[in-house]
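Input: a single structure, listed below in structure tokens.
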Amino acid sequence: MGLTGLVGRWPLLRQFSEGDALGLGRAVRSKQTEQLRPRTADADRVVKSVCPYCAVGCGQLVYVKDGAVSQIEGDPASPISRGRLCPKGSATKSLVTNPGRELRVKYRRPYGNAWEELSLDEAMEMIAERVIETRRATWQDEDADGNKLNRTMGIASLGGATLDNEENYLIKKLCIGLGIVQVENQARI
């Protein structure tokens, strides 16, 4: 490329020669910029999802290539977020694809110094046994004055901010059915 060709590629000269006086279009693009493609262009499919970080429920588009997440962006069709994501929501791809992400149940026994892997069925069975035993050991039929209580103070529930109203309703129903009266949600704290 000669001097004339080089000078002809200068953005300022291209702005005027290509009719882009404000420098908002092609005049300011380099060869490298013209070759760029969106990260979503090669996706096999797009799956609609909801951001997992809080109860707002911002819509997300999850781009999948070869069975793996390749990009996550805001969903412009979402009436809640209209295609926008907060910094945490924008980093959702890192949450999903991080090589350090735990994909198995980990458990550290009392007084243990190491984590061990459990199957999900084994972990759920342990939780159920502990809830039943704690409820049995801490159950209160009535108080000292004979007032009916039918409760346990040995178990509490603390919900997370990602739970929606329907999930919180079901958790509250479960807790009340078990006699658990200490029910709170992290979103209120």
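Residues in region 96-106 that are more than 24 Å from MET124 (Cα to Cα) and in contact (Cβ under 8 Å) with a residue 12 or more places away in the chain: THR97 alone. Residue count for region 50-68 under the criterion of being in a loop (DSSP other than H, G, I, E, B) and of a type in the set (D, E, K, R): the result is 1. In region 1-46, counting only helices (runs of 4 or more DSSP H) that sit wholly within it, the ones holding 3 or more residues that are modelled with pLDDT of 70 or more, touching a helix residue (DSSP H, G or I) at 6+ places or on another chain (Cβ under 9 Å) and surrounded by 10 or more Cβ atoms within 10 Å (Cβ to Cβ) span 11-17. Residues of region 107-161 that are under 15 Å from GLY179 (Cβ atoms), surrounded by 10 or more Cβ atoms within 10 Å (Cβ to Cβ), among the hydrophobic types (A, V, I, L, M, F, W, C) and touching a strand residue (DSSP E or B) at 6+ places or on another chain (Cβ under 9 Å): VAL131, TRP139, LEU149, MET153, ILE155, ALA156. Restricting ASP141, ASP121, ASP145 to those that are among the charged types (D, E, K, R) and in contact with a Lys or Arg (Cβ under 9 Å, 6 or more places away or on another chain) reduces the list to ASP141.
Residues are listed down the side, and each one gets a yes or a no for (1) under 30 Å from GLY74 (Cβ atoms); (2) touching an Asp or Glu at 6+ places or on another chain (Cβ under 6 Å):
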site	(1), (2)
LEU85	yes, no
THR92	yes, no
LEU95	yes, no
LEU103	yes, no
TYR107	no, yes
TYR111	no, no
SER119	no, no
MET124	no, no
ILE127	no, no
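The values are calculated or read from the model by the stated rules, or taken from the named source; none is laboratory data. A quick note: this is a predicted structure, and the numbers were derived from the prediction, not measured. Glycine gets a Cβ as well: all are built from the backbone with ideal geometry, and neighbour counts include every protein chain shown.
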